[in-house]
Amino acid sequence: MKTQIQRLLDEIESEYKYTSRMTGKHTLDPKVKAAISSIPRDKFVPKSHIDSAFHNAPLPIGHGQTISQPYIVAIMTDLLELEADDVVLEIGTGSGYQAAILSQLCRQVYSIEYVPALADMAKARFEKLGYDNIKTKTGNGYDGWPDHAPYDGIIVTAAAKQIPGPLIEQLKPGGRMVIPVGKPYFHQELTLVRKNEDGELDIRDILGVAFVPFQEEQ
Ligand code: SAH
């Protein structure tokens, strides 16, 4: 009999097939698949939603925020094309689930969360579950985290009206950023930004998505 996580991975794979014309990704990268298999999503959702923890759906995590749909976590992670030695910045720690997945695929994850209560909860989870290559801070991710820049990968998990300039600056030449850009809640384009070795940007719309808003006021 299939485990819950195997069923979830099957659903992600089938959604990859439906969306492959847009994303250019036909199957889940085996490394991303292994990372998803290794992270217990039930440890990142509120007790009230534990029965849905392995459904391919977003879930509320309190404070008006959500843990993203696993397919979206998978495709965003996949688009970053991480190498084992990479350093990644995440904006929007939320439950910590996305950061935990990233922590399996790169050397170091830095993650910023705007809502202090969520940041504290995620930090406690990382400590409890032993993800010791994730460093968190509370604050507005608009400015990025210059102390550890530049980053091989940047992932923004809230809907931004535009791509924040400081994040572009903090992306390493050769690096990749994945960010939903557009109107909050309803429709944004998941956008892939690649910075080439000369610092030029290649910006590509990948897929329509629906994220909670990115706090932009300073
Ligand atoms: N990656 C998360 C998804 C959380 S939803 C997960 O795996 O669970 C998006 C999160 O972004 C919310 O927790 C929200 O509070 C946070 N957020 C929104 N704007 C932000 C900003 N400007 N800086 C940091 N965090 C922000």
Residues located in the range 175-190, provided they are touching a Gly at 6+ places or on another chain (Cβ under 9 Å) and β-branched (Val, Ile, Thr)
Val178
Only listed residue being within 20 Å of Gln104 (Cβ to Cβ), of a type outside the set (D, E, K, R) and surrounded by fewer than 16 Cβ atoms within 10 Å (Cβ to Cβ), chosen from Gln69, Gln6
Gln6
Restricting the range 96-137 to residues that are near the ligand (Cβ under 8 Å from one of its atoms) and open to solvent by 10 Å² or more (accessible area, probe 1.4 Å), which is nearest to Ala53 (Cα to Cα)?
Gln98
Among (1) surrounded by fewer than 20 Cβ atoms within 10 Å (Cβ to Cβ); (2) within 16 Å of the ligand (Cβ to nearest atom), which single condition is Tyr18 missing?
(2)
Picking from Ile163, Ile203, the residue that is open to solvent by 30 Å² or more (accessible area, probe 1.4 Å) and either aromatic (Phe, Trp, Tyr) or not in a strand (DSSP E or B) (or both) would be Ile163
Of (1) under 16 Å from Leu171 (Cα atoms); (2) of a type in the set (Asp, Glu); (3) more than 13 Å from the ligand (Cβ to nearest atom), Glu90 satisfies every one except (3)
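The values are calculated or read from the model by the stated rules, or taken from the named source; none is laboratory data. Remember, it's a predicted structure, so these values are computed and weren't measured experimentally. Methodologically, a virtual Cβ is constructed for each residue, glycine included, from the backbone with ideal geometry; neighbour enumeration extends over all protein chains shown. Accessible surface areas use protein heavy atoms only, side chains included; no ligands, DNA or RNA. Shrake-Rupley method; radii C 1.70, N 1.55, O 1.52, S 1.80 Å.
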